[in-house]
1. Step through the residues of region 170-187 one at a time and calculate ³J(HN,Hα) from phi using the Karplus curve (6.51 cos²θ - 1.76 cosθ + 1.60, θ = phi - 60°), rounding each to whole Hz and writing x for Gly and Pro.
2. How large is the translational diffusion coefficient of region 88-188 in µm² per second when you combine the Kirkwood radius over alpha carbon pairs with Stokes-Einstein at 37 °C and 0.692 mPa s?
3. Enumerate the calculated ³J(HN,Hα) couplings along region 64-71 in order (Karplus 6.51 cos²θ - 1.76 cosθ + 1.60, θ = phi - 60°), each rounded to whole Hz, writing x wherever the residue is Gly or Pro.
4. Evaluate the relative contact order of region 118-285 (contact order divided by residue number), counting alpha-carbon pairs under 8 angstrom at least 6 apart; express in whole percent.
5. Which three numbers, in whole Å and largest first, are the semi-axes of the equivalent ellipsoid of region 215-264 derived from its Cα gyration tensor as √(5λ)?
6. How big is the shadow of the Cα convex hull of region 118-285, averaged over all directions, in nm²?
7. Per residue of region 230-240, what does 6.51 cos²θ - 1.76 cosθ + 1.60 with θ = phi - 60° give for ³J(HN,Hα)? Whole Hz please, x for Gly and Pro, Karplus curve as stated.
8. Taking region 157-266, which GluC sites (Glu not before Pro) meet the DSSP loop condition and have no more than 16 other C-beta atoms within 10 Å?
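Every number in this text was worked out from the coordinates using simple rules, so none of it is lab data. None of these values were measured; they are calculated from a predicted model. Please note: Cβ atoms are built from the backbone with ideal geometry, for glycine as well, and neighbour counts cover all protein chains shown.
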Amino acid sequence: MRLATPVKAWTQRFALLFLAGVAVALMLLDKADSVVVERARRAVADAVAPILDAASRPVATFNEMVEQGGQLVSVAAENAELREQNERLRHWETVARRLEAENEALRSTLNLVPDPTLHYVTARVIADQGGAFVRSVLLNAGAREGVEPGQAALTGDGLAGRVAEVGNGTSRVLLVTDMNSRIPILVGDAQDRAMLVGDNTAEPHLRYLEPRVEVKPGDRVMTSGHGGVFPPGLPVGRVTSVDEEGIRVRPFVDWGHMQYLRLVDFELPGILRSFDGSESPGNGR
């Protein structure tokens, strides 16, 4: 017991001296050439890298297992939702097929003249405004692509306007907001007739409504087909305000994100469309 105490004390003193020496060596090493330090650091990193890689693999494997487990739960929930959607789609497919059969039967019974096959050209907007119109866009398709004056210009949201000018490789579309635009429309569930008149603002107004007609904000507006300018049923917009200043309509088309237009030839007979925005019967007055 008496021998153990001096040995223990000597060991503690030696350890203290050793640690102090290591600290001094590290300080001197830090003051040494940075290139030598960097080389030593890279050598240590290269030597320790396999150990760190081996130590991190179990953690990475565990994290991967947890992530895969979460994905399995998510996939199961998504599969259940997709099955439910599939059942709904099957139901509506059955309804659509039944309505299609009824429609065919009614057309056959009434000897209804079938709608003409639609021909259309999809063109990109390359410039806005300019020309004789304030609210118009220039497209990169013209006569050589089959574009003709009077064709309807549509987006996925609804009616944007109609072709007013046609060049060989370009065409100009008069938008529904231009002051030269006049579109016969139906408004609301009662489908009352009116005229959508552009005034170079974002919201054209309705005119020529009968006094008895009640229009409220939120009513849908669509083309009526009267005058042969557009076919009936094209979505145009929704009523936004009804006040003493008139009835305003916000078009469905998002003008700020309008990049492409579909120019559709509905083959409507008897209408000549001039370049000044007016429509007149093709068989004379």
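1. 9, 8, 10, 9, 7, 7, 5, 8, 6, 5, 8, 7, 9, 10, x, 9, 10, 10
2. Numbers: Rh = 16.4 Å.
Diffusion coefficient, whole number: 200 µm²/s.
3. Listing the rounded values in order: 5, 5, 5, 5, 5, x, x, 5 Hz.
4. Numbers: 438 pairs, mean separation 40.4, N = 168.
That works out to 24 percent.
5. On the way: eigenvalues 98, 56, 14 Å².
Result for region 215-264: semi-axes of 22, 17, 8 Å.
6. Numbers: hull surface 38.8 nm².
Projected over every direction and averaged, the Cα hull of region 118-285 covers 9.7 nm².
7. With the stated coefficients, region 230-240 comes to 10, x, x, x, 6, x, 10, x, 9, 5, 10 Hz.
8. On the way: sites: Glu165, Glu214, Glu244, Glu245; in loops: Glu214, Glu244, Glu245.
Those that pass, being in a loop and sparsely packed, are Glu214, Glu244, Glu245.
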